[in-house]
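Heads up: the structure comes next, in structure tokens.
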Amino acid sequence: MSRGIHVDDSPEEVRLPRSVLHDLYEHARETDPEECCGLVVGTDGEPYRRVVRCRNDMTLKNEQSPEQWPMNNRSGFYMNPGDYQSWAEGESEDGEHVTAVYHSHVGVACYLSSVDLELVDLSQFPNAEQVVISVREGQLEARVFRRDGIGCPFVGHPVAVIP
Ligand SMILES: [Zn+2]
């Protein structure tokens, strides 16, 4: 999405396991030039355990109702509800829950657009962290957006890798 809005930045790094960052980058690379989306799930002790891919239905929404959904998969993401519904119902038996929602940006930087923020508020995971992966000319980058408290504005953090 090309419309950026101001989100505060923090120099504090968020540490992601190498395997999780790898899977996020793989998904973004595979769907390029369209946006990918999905969930990062984990436990209290291991918050970023694994990546759960979701299908991006924005092009489908656009075909069904172009006035309501003017974007497509190249410019936005709309997670397939069937792909995340079981996670919206709460923790799994082994204590896994949604830690973050991710999506990619193609050809632009990692930020939360005004549309991204609107969709976060409408989503099933309004207080989850948001990970944005940027794919630009083959270069990948990720940034984590985290609220300081329930309903507080997002603050952007650089990502560091846990080897
Ligand atoms: Zn976005």
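The values are calculated or read from the model by the stated rules, or taken from the named source; none is laboratory data. Computed from a predicted model, the values in this text were never measured in an experiment. Quick reminder, even Gly has a Cβ in these numbers, built from the backbone with ideal geometry, and neighbours come from all protein chains shown. These accessible areas exclude ligands, DNA and RNA; they are computed on the full protein's heavy atoms, side chains included. Shrake-Rupley method; radii C 1.70, N 1.55, O 1.52, S 1.80 Å.
Structure above, values below:
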{"read-out": "Any pair with Cβ under 6 angstrom, 6 or more apart, that starts in the range 86-113 at a residue that is over 23 Å from Phe145 (Cβ atoms) and ends at one that is of a type in the set (S, T, N, Q) and surrounded by fewer than 19 Cβ atoms within 10 Å (Cβ to Cβ)", "value": "Gly95/Thr43"}
{"read-out": "Those residues of the range 45-71 which are open to solvent by 60 Å² or more (accessible area, probe 1.4 Å) and in a loop (DSSP other than H, G, I, E, B), in sequence order", "value": "Gly45, Glu46, Arg49, Arg55, Pro66, Glu67, Gln68, Pro70"}
{"read-out": "Residue within the range 129-141 that is on the phi > 0 side of the Ramachandran plot and open to solvent by less than 70 Å² (accessible area, probe 1.4 Å) present", "value": "yes"}
{"read-out": "Scan of the range 95-116 for residues that are near the ligand (Cβ under 9 Å from one of its atoms) and assigned to a helix (DSSP H, G or I), ordered by number", "value": "Val115, Asp116"}
{"read-out": "Test result for Pro11, within 16 Å of the ligand (Cβ to nearest atom), part of a loop (DSSP other than H, G, I, E, B) and either more than 13 Å from the chain's Cα centre (by Cα) or at pLDDT 95 or above (or both)", "value": "no"}
{"read-out": "Matching entry among Tyr78, Tyr102 (being out of contact with any Lys or Arg (no Cβ under 9 Å at 6 or more places or on another chain), surrounded by 15 or more Cβ atoms within 10 Å (Cβ to Cβ) and under 26 Å from Pro33 (Cα atoms))", "value": "Tyr102"}
